[in-house]
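What follows is a short report on a single structure.
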Amino acid sequence: MKNIFKSILRWIAMVGPGLFCLGFTIGTGSVTSMVKSGSMFGTGLLWALAISAFFTWVMTYAYGHFGIITGDTAIHGIKHNLYGGKVWAIILITGLVASQWISLSSILNITSNAVAEVLYLCIPGLPPSASYWIVLAMAVLIAGSVWAVLNRGNYSVFEKILSVLVTLMGLAFIISMFIELPAPGTIIRGFVPHIPDSADARLFIAAFVGTTMSSPTFVIRPMIIKSKGWGKADGRLQKRDAIVSAALTFIISASIMICAAGVLYTRGIQVEKVLDMIYVLQPIAGRFAVALFVVGLLSAGLSSLFPIMMLAPELISDYRNGEMQTGTPLFKVLTGVAALAGLTIPILGTSPVITQIVSQVTLVFVLPLVILLMIIMINKRSVMGSRKPGVFFNFLMGLALVFACIVSCTGVIALSKLQKQSKTAYLESSSPLKTECLYTSHTLTIE
């Protein structure tokens, strides 16, 4: 068993940048969005996920192609190769860090709520009034632990172990999907573009794009390629890595949505609390569904926290000299600031499921700029020489840009409607707004 585990860790250490960047893509945000969408709309939004995955491959390949041809990194390249490059680089860094810190806070919130719900499930005598403080204490503990591990410099092995656990949860979703597989015709119809008659549908479309077409994944990719020593001779390897990364993103995300459609949508089960999502694993795990889901969700959350907390110092290092630097005083300070920023949503005590989905929507707002800057830079002969992309690939990048702009506008409209609904609900309430305990009414039955 020990040899098998070592072999798995050795394989993970050898995989390409695309699989490591899945830490930004496959996490608590994608799990929550796919499960919630599957429970509400069945497979009706598979088409949005498929389009997002396709354009994910386009931009992953574009940033990777820039990296292997120039040997440069994204932010450093933008700074030195574009007119007004310093300004654009700073704007891009600011947008990426802000959106990712919002995502960091929502991840801390949902993982802390998951632990709290398990505690209330296992210890019925816990007072409901303590729920807020339990969630906040767990958020502080998780954020502090991740910061400590990062700054001790031994996070890589821990991150690989978490990757194995996330992989196991992903496999569990895929197997559960086949156990509770919806009718083939239903799945096929899900690939036909249409928007369900619901105000929430646009919110989920924007969330899908935010969690699938992950802007930090694209921007960080050339830096990881450079650290691995890939060059012009590794073009085929880079292309294959981009395809595998996008394909895995779609397969895992689609399996979660289809699984939720087969288990939850067909039974009319709605997802309101974190542990409501464990029903999707019940077909394969039975009474162990709670343990499998919580371990997988925590692993997905923690594996996402590492790259997100490292993002600000990495991007600033990229801006300065195009190198990935860890262990510096700046690294310690910025990862600490990220940890503190991550406590915002747990302190506010908002709903973990809704805030997780909304945080994914905010990720799409910087996406058009990420795509546009690469389109300009990758088409400069002074940068790429004779290795500029052809007309067809430029057409695909153009479509990706149009798609990102449309979805960004959709996200703004969806968030605006959500804000109006929240305000209306508050005004119509006959009593003062109170913090609702998420645990006292929670009844969980595993057959």
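The values are calculated or read from the model by the stated rules, or taken from the named source; none is laboratory data. All figures in this text were calculated on a predicted structure; none of them were measured in a lab. Cβ placement follows ideal geometry from the backbone for every residue including glycine, while neighbour counts extend to all protein chains displayed.
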Condition met for Trp57 (closer than 19 Å to Ser30 by Cα, aromatic (Phe, Trp, Tyr), touching a residue at least 12 places away in the same chain (Cβ under 8 Å) and surrounded by 20 or more Cβ atoms within 10 Å (Cβ to Cβ)): yes
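Check the stretch 75-83 and report whether any residue there is without any contact (Cβ under 8 Å) to a residue 40 or more places away in the chain and either touching a Ser or Thr at 6+ places or on another chain (Cβ under 9 Å) or part of a loop (DSSP other than H, G, I, E, B) (or both).
Looking for residues that are without any contact (Cβ under 8 Å) to a residue 40 or more places away in the chain and either touching a Ser or Thr at 6+ places or on another chain (Cβ under 9 Å) or part of a loop (DSSP other than H, G, I, E, B) (or both), one finds at least one in the stretch 75-83, hence yes.
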The condition from (1) at pLDDT 90 or above; (2) over 30 Å from Arg189 (Cα atoms); (3) out of contact with any Lys or Arg (no Cβ under 6 Å at 6 or more places or on another chain); (4) not hydroxyl-bearing (Ser, Thr, Tyr) that Trp57 misses is numbered (2)
For Ile110, only one of the following conditions fails: (1) over 19 Å from the mean Cα position of the chain (by Cα); (2) modelled with pLDDT under 90. What is its number? (1)
When restricted to Ser351, Ser299, the only residue closer than 21 Å to Val146 by Cα and of a type outside the set (Phe, Trp, Tyr) is Ser299
Does the stretch 320-334 contain any residue that is crowded, with 23+ Cβ neighbours inside 10 Å, in contact with a helix residue (DSSP H, G or I) (Cβ under 7 Å, 6 or more places away or on another chain) and either in contact (Cβ under 8 Å) with a residue 12 or more places away in the chain or under 17 Å from Gln356 (Cα atoms) (or both)? no
Could you please give the count of residues in the stretch 379-395 that are within 21 Å of Ile78 (Cβ to Cβ) and assigned to a helix (DSSP H, G or I)? 8
For the stretch 382-396, enumerate the residues that are in contact (Cβ under 8 Å) with a residue 24 or more places away in the chain and more than 17 Å from Asn81 (Cβ to Cβ). Phe393, Leu396
Would you mind listing the helices (runs of 4 or more DSSP H) fully within the stretch 166-264 where at least 1 residues are modelled with pLDDT under 85 and more than 19 Å from Ile51 (Cα to Cα)? 199-212, 215-228, 235-263
Restrict the check to the stretch 388-397 and report whether at least one residue is crowded, with 24+ Cβ neighbours inside 10 Å and within 27 Å of Ile205 (Cα to Cα). no
With the structure loaded, tell me whether Thr43 is over 13 Å from the mean Cα position of the chain (by Cα) and free of Cβ contacts under 8 Å to residues at least 60 places away in the same chain or whether it fails that test. no
